[in-house]
Amino acid sequence: MCELPNLVSLYVYCLLQQLNLVSAGEGACVCNFKIEEEHTNRYGTLHGGMTATIVDNVSTMALLATEPHAPGVSVDLSVS
């Protein structure tokens, strides 16, 4: 039986597989991502939870590209 955290982790993993790294360097990370219907809300725009997930993960990639190459922790993330 799958537990919710495992399903969420799997979903984030699948999402990250769809991100294409364009460039990464000292404190910066640029990716592109094709928005599909499954990523949108009922208004046809990118779902806020998807936006937050992408921002959180790509910002971690930028931290990993910066000395000391360690991830951080998001303590306050707001998307509107």
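I'd like the residue in the range 22-44 that is part of a loop (DSSP other than H, G, I, E, B) and touching a Ser or Thr at 6+ places or on another chain (Cβ under 9 Å) and, out of all such residues, is farthest from His69 (Cα to Cα). The residue in question is Ile35. Residue count for the range 19-38, restricted to those that are touching a residue at least 12 places away in the same chain (Cβ under 8 Å) and under 24 Å from Ser78 (Cβ atoms): 7.
Taking into account only those residues within the range 63-79 that are surrounded by 13 or more Cβ atoms within 10 Å (Cβ to Cβ) and over 21 Å from Tyr11 (Cα atoms), which is farthest from the chain's Cα centre (by Cα)? Result: Thr66.
Just so you know, all these numbers are worked out from the coordinates, no wet-lab data involved. Computed from a prediction, not measured in an experiment: that's the story for all the values here. All Cβ positions, even for glycine, are placed from backbone atoms using ideal geometry, and neighbour counts span all protein chains on display.
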